[in-house]
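Participant: Before we start, here is the structure in question, set down as structure tokens.
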Amino acid sequence: MQRELIGTAAILLAAFSGFGARVAAKGAEKANSPAAAAVSACLKPVPMDEPNAAGQAAIAIDIPVNGTIYPPDLIAPQFAWRDSNPAATVWRIEIVFGEKTRSIQIWAAGEKMQIGPVDDTLVGYVPPTLTPEQAADHTWRPDPKTWEAIKKHSVTQPAKVVITGFASKDAGEPVSRAEATISTAKEPVGAPIFYRDVPLIPPNPDTEQRGVIKPLPDSVLPKIKWQLRYVNRTESKVMMTNLPTCGNCHSFSRDGKTMGIDVDGPANDKGLYALVPLRKTSIISNDYLIHWSAFSEEHSQKRFGFMSQVSPDGKYVVNSIDVPHAHGTRVLDRLYNGFYDNYGFGQVFYPTRGVLAWYSKETATLKPLPGADDPNFVQTSAFWSPDGKYLIYSRASARDPYPQGYKRSTYANDPNETQIQYDLYKIPFNNGKGGNPERIVGASENGMSNNFPKVSPDGKWIVFVECKNGLLMRPDSKLFIVPFEGGEARPLESNLARMNSWHTFNPNGHWLAFSSKSPSLYTHLYLTHIDDQGHASPPVVVENATAANRAVNIPEFLNIGPDDLDHIETPAIDFYREFDLAQQLQDAHKFSDAVPAWKVAADKDPTDARPWNNMGVALAASGKTSDAIDAYGKSLAMNNDSSQTHNNLGSALAEAGRFDDAMMHIRKAIELDPDNGAAHINLGHLLEVTGHRSEAIEQLTLGTQIAPKNPEGHNIYGVILAREGKLDEAITELQMAVALAPGSAECRFNLGRAYAAASRFADALPQFEAAAKITANHEPAILQMLAAMYSETGNYAQAVSTAQHALDLAEKQQNAELTTTLRANVARYQHQAGATTAPSDSQSSPNP
């Protein structure tokens, strides 16, 4: 039976969960095609000159895009262009100013664009590549002195960037030419950007489960960095890293003195939040932790906070919680999430039920916000107006995240995703008394999902995400702007082709930072200038924000001066360190060492169910089935809604021969999570063992459909097919099992037996040889079959020695039945060997 290990570092929204059923996504990321979103006209390279009569070709200037506005405090950017004339080998860069200032002319060799440095400590990432346009780009970067001159003389009037191609510096006539205009804003960016720098490595499908946000494998979590970037500097500075858990959804008070951040709680379930005073060295200590679970109602599910946001004055936190008095509502009943193969959009999540609640730092209380607490709607993702008087949030009719007849989605924006389109609403905070919610015209009832609203510092505008379905990081996410009071909404001119999201205003309100998966799925950080009429300039990339194989997300401007924040310490994460140590031992199959390590982690937080579940896995792997059953029982006493733990307990009970109890728990696992493929497979196995083959086949078929990369399902189903005499179908299933688990002696042994039953002895032989090698030639049943294949393929001497070794092992194990069979086999193989050598001997000797 297959057991499931509950992982540590998922960004979990289940009360306790982790490694779940293998649910492998299928299909390509269909929404990632260029047609998924149109590029704004101002973002397309614009050749400013048509080819002349002499055949002069056009240049496409990719950076800067025509009309780009640069911050006055930005470091020198890289310019890039494509030249359609192969005769061009050198280029003259000329900056022509509108004022009475001499132009700047510089020759450039036009080095080809290169992929930036990668983080070579990562394993399993998809190598970054250049787009065809980038691969064709030539580049140039002004030196700091030149760049300062360009910025100085392009404030009052735009400057013209003219790029001209020549066959050589000595050539009299150009062979190509283009130009673009740029300008420099009066308003600086000023404040630094605090963001999360993450690897993009899909987690093991075994960890996928409903109600769990887990975009990364556990092993990768310590490699997440929280960075701070001033745009006038060439590099970011790491504020936090090497954490065994995933902090996220950070926000700051308007004065830059308070930070709020999810630290994922004692079970990585959004149950723990830090509200921390910011100093040069800031410390996330237990003194600043808020346990959302402490506000759970009696007999209800453990409470968690979703998309928490600190108020402008730092006194309050608003978040989305479960509906009060809805006893028994589980996370997987109020949150939809899907898992996909595409590393750029590996998971989607959004709530389908919930109300807004507010926390007071002064009174340490959490209360629903009247007017945004209607159980008939989901109310989520609220953000404050700059004066703290209003909250702007997303609202939609409440619904089940997995309705009757739900089919698993396999890619972002798959029509099988549970559909939800949020409208933006505004509600007064009124010191926690709330009020009447008002729909924001232009950001509602438009057939799209409107979400993640950020209000400009002057209170004039709302910039929000519009997408077809769900929240935030969707392939089709676009940024729109609408007046705070509502009105006509317009797409920002800065939108790129794929995913525009995670936006944030700087303190003066004229710069918006955002993330986009253009030009690559490794998310980049961009800036755009917002003018007084709410128009955005073409985006400017913040270079060197992360490695080429990592991504930037959750950028937030932090209103502090230069060097006001040096780093953040995290002494409150001790539990996770113990958990991580136990996890490492478990991953290394050091189960006897992992058991006491899980006990230490359990003692660190007696409310966490996961260490007991994982201890059960280690005990079961060590052959201590009875102790494993006890450990699973303790885990379920803390969280009886864990599909994984019910499945694990059922597996252990089956091992102990308690089939009725095992059946009950495995069926409960499926009831809790119908997508738990491992539970369907275990149920199929158990039904076969108890003589219900037709039901077993039904469950195994469903389990392998849900979890096609689970070798156990293919293995068991293959054995059943072989028992029914369907050898060709059995061989196909068992071949898949071996392909998925080449190191499994059981899978290879079963495939070998199917081949042997089909008289395909030459195919069976290498499978038995591999199985024998995997088990270090210590399994007499495997050696018995291996000897038989040597005999069938004419290698009688090898058959004798292999069968004799199997006989010796069987005698030591006091297996009388196998011993009797092997003795007969040895005698038969010896006879065969003698029969083949006798004619050879007679032929080699002369007749008397």
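The values are calculated or read from the model by the stated rules, or taken from the named source; none is laboratory data. Please read all numbers here as calculations on a predicted model, not as lab measurements. For neighbour counting, all protein chains shown are included, and Cβ atoms are generated from backbone atoms with ideal geometry for every residue, glycine included. Accessible surface areas use protein heavy atoms only, side chains included; no ligands, DNA or RNA. Shrake-Rupley method; radii C 1.70, N 1.55, O 1.52, S 1.80 Å.
Participant: Compute the distance in nm between two label points, each set 7 Å from the Cα along the Cα-to-Cβ direction, one at ASN777 and one at ASP808.
Facilitator: According to this spin-label approximation, the distance is 0.8 nm.
Participant: What does the highest-first list of 621-630, 125-134 look like by mean Cβ count within 10 Å?
Facilitator: My ranking of the peptides, most packed first, is 621-630, 125-134.
Participant: In the stretch 380-471, with Lys and Arg counted as +1 and Asp and Glu as -1 at Cβ, which of these residues, GLY434, CYS467, LEU391, has the Cα nearest the positive end of the dipole, that is, farthest along it?
Facilitator: GLY434
Participant: Further, regarding this structure: Using the charge dipole of the chain (Lys, Arg: +1 at Cβ; Asp, Glu: -1 at Cβ; taken about the Cα centre), state which of ASN639, GLY794, SER154 has its Cα farthest towards the positive end.
Facilitator: SER154
Participant: Right, next: Kindly work out what percent of the DSSP beta bridges joining two residues of the chain are antiparallel, to the nearest 5.
Facilitator: Bridges in the chain that DSSP calls antiparallel: roughly 95 percent.
Participant: Give the lysines reachable from LYS223 as a straight Cα distance under 22 Å; neighbours fewer than 8 places away on the same chain don't count.
Facilitator: Within reach: LYS214, LYS237, LYS270, LYS517.
Participant: Let me ask something else. In what order, largest first, do TRP384, TRP81 sit by accessible area if the probe radius is 1.4 Å?
Facilitator: TRP384, TRP81
Participant: Now, a different point. Once the Cβ-Cβ distance between ALA758 and VAL238 is put in as r, and R0 is 60 Å, what FRET efficiency do you end up with, to the nearest 0.05?
Facilitator: 0.50
Participant: May I ask which residue of LEU581, LEU512, HIS529 lies farthest towards the positive end of the charge dipole of the stretch 501-591, with charges of +1 (Lys, Arg) and -1 (Asp, Glu) on Cβ and the Cα centre as origin?
Facilitator: Going by the charge dipole, the pick is LEU581.
Participant: A further question on this structure: Please report the relative contact order for the chain, taking Cα pairs under 8 Å with a sequence separation of at least 6, and give it as a percent rounded to a whole number. All intermediate terms of the calculation are to be shown ahead of the outcome.
Facilitator: Details: 2075 pairs, mean separation 102.5, N = 848.
Over the chain, the number comes to 12 percent.
Participant: Work out Dmax and Rg for the stretch 733-781 from the C-alpha atoms and quote the Rg first, both in angstrom.
Facilitator: Cα-based Rg and Dmax for the stretch 733-781 come out at 9.9, 27 Å.
Participant: Please give the charge dipole size of the chain, origin at the Cα centre, charges +1 on K and R Cβ atoms and -1 on D and E Cβ atoms. Round to the nearest 20 debye.
Facilitator: 880
Participant: Taking the simple approach of a point 7 Å from Cα along Cα-to-Cβ for both ILE115 and ASN544, what is their distance in nm?
Facilitator: 2.1
Participant: Sorted from largest down, what three extents in whole angstroms do the Cα atoms of the stretch 608-752 have along their principal axes?
Facilitator: Rounded to whole Å, the extents work out to 47, 29, 25 Å.
Participant: Next question. Using r as the Cβ-Cβ distance of ASP143 and ASN286, and R0 as 35 Å, what FRET efficiency do you calculate, to the nearest 0.05? Each step should come with its number before you reach the end.
Facilitator: Values: r = 50 Å, r/R0 = 1.43.
FRET efficiency, ASP143 to ASN286: 0.10.
Participant: Quote the Stokes-Einstein diffusion coefficient, in whole µm² s⁻¹, for the stretch 78-211, based on the Kirkwood radius over alpha carbon pairs, a temperature of 25 °C and a viscosity of 0.890 mPa s. Walk me through the numbers before you get to the answer.
Facilitator: Numbers: Rh = 18.4 Å.
The diffusion coefficient I find is 133 µm²/s.
Participant: When the distances between all Cα atoms of the stretch 471-601 are binned every 5 Å from zero, what whole-number percent does each bin get?
Facilitator: Pair shares across the bins are 2, 9, 14, 14, 13, 10, 10, 9, 8, 5, 4, 2, 1, 0.
Participant: At 0.36 nm per residue, minus the direct Cα-Cα distance, what do LEU130 and THR690 gain on full extension? Give it in nm, one decimal, please.
Facilitator: Values: separation 560, 0.36 × 560 = 201.60 nm, distance 5.63 nm.
196.0 nm is the gain from fully extending LEU130 to THR690.
Participant: When ranked by the protection proxy of mean other Cβ atoms within 10 Å per residue, highest first, what sequence do the peptides 275-285, 107-117 form? Write down the numbers at each step before the final one.
Facilitator: Values: 275-285: 16.2, 107-117: 13.9.
My ranking of the peptides, most packed first, is 275-285, 107-117.
Participant: Given the DSSP H assignment, sum -39500 (n - 2.57) over each helix run of at least 4 residues in the chain and divide by its residue total; what's the result at 222 nm in deg cm²/dmol, nearest 500?
Facilitator: So the calculated ellipticity at 222 nm is -9000 deg cm²/dmol.
Participant: For the stretch 548-603, treating each Cα as an identical point scatterer without solvent, what Debye log10 I(q)/I(0) comes out at q = 0.13, 0.16, 0.29, 0.30 1/Å?
Facilitator: -0.61, -0.72, -1.08, -1.10
Participant: On to the next question. Regarding the chain, what is the average projected area of its C-alpha convex hull, in nm²?
Facilitator: The number I arrive at for the chain is 46.9 nm².
Participant: Where the only charges are on Cβ atoms (+1 Lys, Arg; -1 Asp, Glu), what is the dipole of the stretch 427-580 about its Cα centre, to the nearest 20 debye?
Facilitator: Numbers: 12 positive and 19 negative charges, 137 e Å.
For this selection, approximately 660 debye.
Participant: Filter LYS624/LYS668; LYS590/LYS634; LYS315/LYS460; LYS668/LYS726; LYS186/LYS426 down to the pairs with a C-alpha to C-alpha distance above 28 Å, please.
Facilitator: Working: LYS624/LYS668 23 Å; LYS590/LYS634 22 Å; LYS315/LYS460 24 Å; LYS668/LYS726 32 Å; LYS186/LYS426 32 Å.
Correct reply: LYS668/LYS726; LYS186/LYS426.
Participant: I want to check the label-to-label distance for PHE659 and ASP341. Put each point 7 Å from Cα in the C-beta direction and report it in nm to one decimal.
Facilitator: 3.8
Participant: While we're looking at this one, here's another question. Enter the Cα centre distance for the pair the stretch 574-591 and the stretch 673-697, rounded to the nearest angstrom.
Facilitator: The two parts, judged by their Cα centres, are 31 Å apart.
Participant: Report the FRET efficiency, 1/(1 + (r/R0)^6), for ASP566 and ASP603, where r is their Cβ-Cβ distance and R0 is 35 Å, rounded to 0.05.
Facilitator: Taking R0 as 35 Å, the efficiency between ASP566 and ASP603 is 0.55.
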